[in-house]
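The values are calculated or read from the model by the stated rules, or taken from the named source; none is laboratory data. A quick note: this is a predicted structure, and the numbers were derived from the prediction, not measured. As a convention, Cβ positions derive from the backbone with ideal geometry for all residues, glycine included, and neighbour counts pool all protein chains shown. Just the protein is used for accessible areas: all its heavy atoms, side chains included, with ligands, DNA and RNA removed. Shrake-Rupley method; radii C 1.70, N 1.55, O 1.52, S 1.80 Å.
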Amino acid sequence: ATKTIEIEPVTPRIVLYEDGPLLGTTYQRPIQGSFALPGTEITFRAEPYFFSSPFESLQFSWFMNGESTAPDSENPQLITLRHEGTTRGTAQIQVSVEHSGFLFQEARTSFTAQFGQ
């Protein structure tokens, strides 16, 4: 007897979610396009899909308005944005994930954060 299984390659991707202190990560509502910050502080989680193991080999790079910005010191999947003062505006947030062991395994995504609404 023989059996054939066809496996099609899938392009790695990143999905962004809000990560709250009380409810945790809201996986049912991915962040896309534009997002209005509901308060003065919010944390976002970058969840990588379709990357090869091990997860520890993934390198997360976060950018705000095209400039590199530091993620959470304990978990590079997380970034916290804080709005101080009464100003209003927008910021372009982008995250890039690369697998250090596989040359072509990378993905990036972005959204526009609206603050002071």
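As a calculated quantity, the FRET efficiency between Thr40 and Ser96 at R0 = 35 Å, using C-beta atoms, amounts to about 0.85.
Dipole size of the chain about its Cα centre, with +1 on Lys/Arg Cβ and -1 on Asp/Glu Cβ: approximately 300 debye, rounded to the nearest 20. One chain, two ends: Phe104 and Gln32. Fully extended at 0.36 nm per residue, the span grows by 23.5 nm beyond their Cα-Cα distance.
Each peptide in 7-15, 97-105 gets a packing score, the mean of other Cβ atoms within 10 Å over its residues, and the list from highest to lowest is 97-105, 7-15.
Backbone geometry of region 93-102 corresponds, through the Karplus equation with coefficients 6.51, -1.76 and 1.60 at θ = phi - 60°, to 3J(HN,Hα) couplings of 10, 9, 10, 10, 10, 10, 9, 5, x, 10 Hz, x marking Gly and Pro.
Ordered from largest to smallest accessible area (heavy atoms of protein chains, 1.4 Å probe), the residues Glu41, Glu74 come out as Glu74, Glu41.
Here's how it looks for His83: its modeled amide H is under 5 Å from those of Glu41, which are all 5 or more places away or on a different chain. Applying the criteria of a DSSP loop state and at most 15 other Cβ atoms within 10 Å to the trypsin sites (Lys or Arg not before Pro) of region 77-114 yields Arg88. Put a dot 7 Å past the Cα of Thr11, heading toward its Cβ, do the same for Phe63, and the two dots end up 1.7 nm apart. With a cut-off of 11 Å between beta carbons, the residues surrounding Ser61 carry a summed charge of -1, where Lys and Arg count +1 and Asp and Glu -1. The protection proxy used here, the mean number of other Cβ atoms lying within 10 Å of each residue, ranks peptides 51-58, 109-116, 20-27 as follows, highest first: 109-116, 51-58, 20-27. Alpha-carbon geometry of region 13-117: the Rg and the Dmax are 13.9, 45 Å, given in that order.
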